[in-house]
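Since the structure comes first, as structure tokens, the remarks are kept for the end.
Throughout, read-outs are computed from the coordinates displayed, never taken from laboratory work. Just so it is clear, the structure is predicted and the values come from calculations on it, not from any experiment. Backbone-built Cβ (ideal geometry, glycine too); neighbour counts: all protein chains shown.
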Amino acid sequence: MSDVTVHSVDSGSAGLAQAGMRIAGEGVDTTHGPILYLDAITVSFDGFKALNDLSLTVEDGELRCIIGPNGAGKTTMMDVITGKTRPDAGTAFFGQTIDLTTLTEAEIAHSGIGRKFQKPTVFEHHSVFENLELAMKADKRARKSLSAWLASADVDRIAETLELIQLADAYQRPAGLLSHGEKQWLEIGMLLMQEPRLLLLDEPVAGMTDEETMRTAELCLSLAGRHSVVVVEHDMDFIAKIARTVTVLHEGSVLAEGSMDAVQADPRVIEVYLGR
């Protein structure tokens, strides 16, 4: 892969800038507490409380699964964390000192939070390798850096990510020719190139085959520890494969939290979600 030339892709860099993708910064302090701290978050839309006094903590390096029925507040919670939605009340901290409620979406991405939406967004006319390089160079002068040879350290980073997301054999393939599952892995890889401390994955296995789902479970488990990972998903078989701590949301609040076995046995969870 060290002999691959990456050509200038101006439209790609513009798309990354528009999406607010940035290289993660330093300085997230988790020495005395969790990496994510939400306390009494409330968000209302036309009188409807999408989040209602929601409190949640995620530890550094933790893999947390979030489940709940439609309308439980899962997407709104992620919107608050990433700065897309401002809470009406409550506090949201990334580490000990970064107040997420005061930052823009771009500033939050730059601080080290990466979000993957349900529908993958990759640059389909560029190769898998080029997609990863675009993500890595998103905070640099892309016109210069992408038309030149990559430094060996950059090639090594991309190669390591390709192995992690299991696309090393497809590095020259245009992203548009990848399967749905492979596009999901590529987008996760693009986020990893930005070195986030916290990854938010929104329904990562929606539309995947059983084999792709299994490989995605392996990927999520491999990321935990190196990163903090929050997975929002409806596929309970997938959640069972990766779950350590599961948080159940209902009507904008935390209904239950604990191990997968404990959550599945909770009568309240069975009534509002699992029993449906």
Between beta-carbons, use under 10 Å as the cut-off and find the net charge around Thr42, counting Lys and Arg +1, Asp and Glu -1. -1
Highest mean first, how do 243-253, 153-163 rank when packing is the count of other Cβ atoms within 10 Å averaged over residues? 243-253, 153-163
HN-Hα couplings for region 186-195 via Karplus (6.51, -1.76, 1.60; θ = phi - 60°), in whole Hz with x for Gly/Pro, come out as 4, 5, 4, x, 5, 5, 5, 5, 8, 6
Hey, if you put +1 on the Cβ of every Lys and Arg and -1 on every Asp and Glu Cβ in the chain, which of Ile239, Met190, Tyr37 ends up farthest toward the positive end of that dipole? Met190
GNM flexibility winner over the chain from Ser127, Ser111, Ser222 (Cα, springs under 10 Å): Ser222
³J(HN,Hα) computed for each position of region 245-253 - Karplus, 6.51 cos²θ - 1.76 cosθ + 1.60, integer Hz, glycine/proline x: 10, 10, 10, 9, 9, 8, 6, x, 10
Using the crude model of +1 on Lys and Arg Cβ and -1 on Asp and Glu Cβ, and no other charge, please compute the dipole size for region 165-276 relative to its Cα centre, in debye to 20. 300
Show the residues, 5+ positions off or on another chain, whose built amide H is closer than 5 Å to the amide H of Ser127. Ala175
Rounded to the nearest 5, the percent of DSSP beta bridges in the chain running antiparallel is 55
Long-range amide H partners of Ser44, meaning residues 5 or more apart or on another chain whose placed amide H is closer than 5 Å, are Ala50, Asp88
Sequence order, region 164-175: Karplus ³J(HN,Hα) from phi using 6.51 cos²θ - 1.76 cosθ + 1.60, θ = phi - 60°, Hz rounded, Gly and Pro as x, gives 4, 8, 6, 10, 4, 6, 10, 5, 8, 6, x, 4
Count the lysine pairs in the chain whose Cα atoms lie under 29 Å apart, taking only pairs 8 or more positions apart in sequence or on different chains. 27
Computed magnitude of the charge dipole of the chain (debye, nearest 20; Cβ of K, R +1, Cβ of D, E -1): 560
Summing -39500 (n - 2.57) over the DSSP H runs of n ≥ 4 in the chain and dividing by its residue number, what mean residue ellipticity at 222 nm do you reach, to the nearest 500 deg cm²/dmol? -9500 deg cm²/dmol
Report the paramagnetic label zone for Asp88: residues of region 44-58 whose backbone N is under 16 Å from a point 7 Å from Cα along the Cα-to-Cβ axis. 44-55
Determine how many Å³ per residue the convex hull of the Cα atoms of the chain encloses. 127
Under-5 Å amide H pairs with His250, H placed in peptide plane, nonlocal only: Leu255
Please report the spacing between the Cα centers of region 253-276 and region 45-63 in Å, no decimals. 17
Classify region 147-210 as rounded, prolate or oblate from the Cα gyration tensor: take a ≥ b ≥ c as the square roots of its eigenvalues, call it rounded if a/c is under 1.5, otherwise prolate when a/b beats b/c and oblate if not. oblate
Suppose each label sits 7 Å from its Cα in the direction of the beta carbon; what would the Asp237-Asp169 distance come out to in nanometres? 2.4
Label points 7 Å out from Cα along the Cβ direction at Thr31 and Glu271: separation in nm? 4.6
Can you tell me the 0 to 90 degree angle between the C-alpha axis of helix 210-223 and the longest principal axis of the chain, rounded to 10? 90
